[in-house]
1. Among the residues of the stretch 335-349, is any of a type in the set (D, E, K, R) and open to solvent by 80 Å² or more (accessible area, probe 1.4 Å)?
2. Restricting attention to the stretch 338-352, and to residues there that are among the β-branched types (Val, Ile, Thr) and closer than 16 Å to ALA268 by Cα, which single residue is farthest from the chain's Cα centre (by Cα)?
3. Determine, yes or no, whether TYR319 is of a type in the set (Ser, Thr, Tyr) and either within 27 Å of LEU126 (Cα to Cα) or surrounded by fewer than 19 Cβ atoms within 10 Å (Cβ to Cβ) (or both).
4. Looking at PHE120 and the list (1) open to solvent by less than 20 Å² (accessible area, probe 1.4 Å); (2) assigned to a helix (DSSP H, G or I); (3) at pLDDT 85 or above, which single condition is not satisfied?
5. Kindly indicate whether any position in the stretch 53-62 is open to solvent by 60 Å² or more (accessible area, probe 1.4 Å) and modelled with pLDDT of 70 or more.
6. Pairs, please: C-beta under 6 Å, at least 6 apart or cross-chain, first residue of a type in the set (Val, Ile, Thr) and in the stretch 245-260, second part of a helix (DSSP H, G or I)?
7. For GLY310, state whether it is open to solvent by less than 80 Å² (accessible area, probe 1.4 Å), within 19 Å of the chain's Cα centre (by Cα) and more than 22 Å from ALA97 (Cα to Cα).
Amino acid sequence: MSDSFGEAADTAMEHAGADAAAGLGGARGKPAGTHCLNCGAPLTGDFCHQCGQSAQSLRQPFWALLAESVETLFSLDSRAARTLPGLLLQPGKVTRAYLDGQRARFIPPFRLYVLASLVFFVLLPLVTGQGLSLVPGGNQNFDEARTQIESAYAAGEMTEEEYQAALQGISEAENIWSSGPSIFIPDPPAVPGAEDAAPTESAEDPEWAGFMPKDALEAVRNAGASGDEEAARFAEVMDNPGRLEEQTREWIPRLMFVMLPVYALLLALVYLWRRQFLFFDHLIVSLHFHSALFLAMALGMLAGYLVGPGWVTLALLVYSNWYLYRLNRVVYGRGRFTSVLRVLTLDSIYFFILMSTLLVAVILGALSI
């Protein structure tokens with residue numbers, strides 16, 4: 001999962017860097033000259049009217065660059081404050097305003113999707129107690145810290161007491177990081193008499209291995225040992241379900257990104273007769289819709305500790321359908337009855353596509369082992 005997170009984070013950083021270079025708060029540097037250094041056209045403002053390059057010189061004092069970076073940060077924060085509440089609580093409002101040309105005050109749709117998906121897919125393993133790997137392999141950061149502590153101790157830079165305290169601190173930090181938020185959640189109170197209850201029988205069937213009989217799995221293993229590559233791969237997948245789950249989680253964010261134009265295509269088919277809407281419009285709707293869902297699911301995962309996962313699941317189902325209904329009403333200007341029909345149609349088709357996508361993620365995860 002770290003590879004996909006790294007790629008998404010790099011993309012987000014590239015966009016942030018582009019914003020900084022463009023000067024969201026308005027460039028105040030010294031003009032580079034009277035003509036554009038890129039195309040040679042005469043300059044009449046802060047940007048070249050011919051090629052769009054900034055007319056400001058990049059050679060500025062350090063403090064000027066630092067001030068611009070701070071200004072860019074606050075500019076992004078203000079756009080987030082104008083985008084996120086309306087996106088989550090007033091479905092269709094931000095989308096309609098963006099399509100009407102009011103774009104400068106909102107986070108660009110693609111960047112918004114990257115932000116929302118990062119929040120969700122970073123939070124997911126933490127909430128589920130699986131920890132989060134920032135680099136391939138999982139624990140290199142803590143291992144490097146231990147190595148540095150060992151080197152400092154060997155060089156005589158640390159006392160024995162400091163050495164042991166540092167190792168203990170690293171171990172505690174690693175335990176908290178890998179356990180996720182569940183480490184801060186108190187255990188449920190013990191039920192009186194529960195410790196005296198008779199242990200229940202294991203739910204594992206001795207005759208079955210997962211979804212197939214053990215004899216059949218053994219036959220597959222033997223076929224793999226005899227040279228059948230497909231059988232060997234299948235046996236490896238069955239023997240390593242944890243690796244299959246990990247590889248599947250790596251593919252899901254990538255496939256969800258592919259679902260953006262797919263959902264836009266569904267909207268285009270539903271509104272095929274509405275010629276005033278282009279595919280670009282449907283893609284913006286798809287980006288905003290998926291961004292809102294990712295953010296809502298991230299909030300829902302946290303709320304699950306308070307109200308339980310069942311209520312959160314129900315709330316997310318209601319919210320997603322209400323959101324889609326409001327999109328049809330606000331963005332496309334449809335009536336109540338036709339909006340409900342379109343929600344039901346899109347739900348049915350998109351659910352089938354999502355299930356197929358998850359199956360593809362499992363298959364690709366198995367092939368990646």
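The values are calculated or read from the model by the stated rules, or taken from the named source; none is laboratory data. Note that the coordinates shown come from a computational prediction; the quantities given were computed from them, not determined experimentally. Positions of Cβ are generated from backbone atoms using ideal geometry, with glycine treated the same way; all protein chains shown enter the neighbour counts. Only protein heavy atoms, including side chains, enter the accessible area calculation; ligands, DNA and RNA are left aside. Shrake-Rupley method; radii C 1.70, N 1.55, O 1.52, S 1.80 Å.
1. Taking the stretch 335-349 and keeping what is of a type in the set (D, E, K, R), we get 336, 342, 347.
Applying the additional criterion that residues be open to solvent by 80 Å² or more (accessible area, probe 1.4 Å) yields 336.
Within the stretch 335-349, one or more residues are of a type in the set (D, E, K, R) and open to solvent by 80 Å² or more (accessible area, probe 1.4 Å).
2. If we filter the stretch 338-352 for residues that are among the β-branched types (Val, Ile, Thr), which is where we start, we get 338, 340, 343, 345, 349.
When the remaining residues are screened for being closer than 16 Å to ALA268 by Cα, the result is 338, 343, 345, 349.
Details: THR338: 32, VAL343: 25, THR345: 27, ILE349: 23 Å.
Taking the candidates together, the pick is THR338.
3. On the way: of a type in the set (Ser, Thr, Tyr): yes; either within 27 Å of LEU126 (Cα to Cα) or surrounded by fewer than 19 Cβ atoms within 10 Å (Cβ to Cβ) (or both): yes.
Yes.
4. Condition not satisfied by PHE120: (1).
5. In the first step, residues of the stretch 53-62 are kept if they are open to solvent by 60 Å² or more (accessible area, probe 1.4 Å); the result is 53, 58-59, 61-62.
If we keep only those that are modelled with pLDDT of 70 or more too, we end up with 53.
Yes, that holds for at least one residue.
6. As it stands, the answer is THR248/ALA361; THR248/VAL362; THR248/GLY365; ILE252/ALA361, since those pairs meet every condition given.
7. Values: open to solvent by less than 80 Å² (accessible area, probe 1.4 Å): yes; within 19 Å of the chain's Cα centre (by Cα): no; more than 22 Å from ALA97 (Cα to Cα): yes.
So GLY310 fails the test.
Here's the yes/no breakdown for (1) closer than 20 Å to PRO253 by Cα; (2) in a loop (DSSP other than H, G, I, E, B); (3) polar (S, T, N, Q):
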| site | (1), (2), (3) |
| --- | --- |
| ALA292 | yes, no, no |
| GLY304 | no, no, no |
| LEU324 | no, no, no |
| TYR332 | no, yes, no |
| THR338 | no, no, yes |
| LEU359 | yes, no, no |
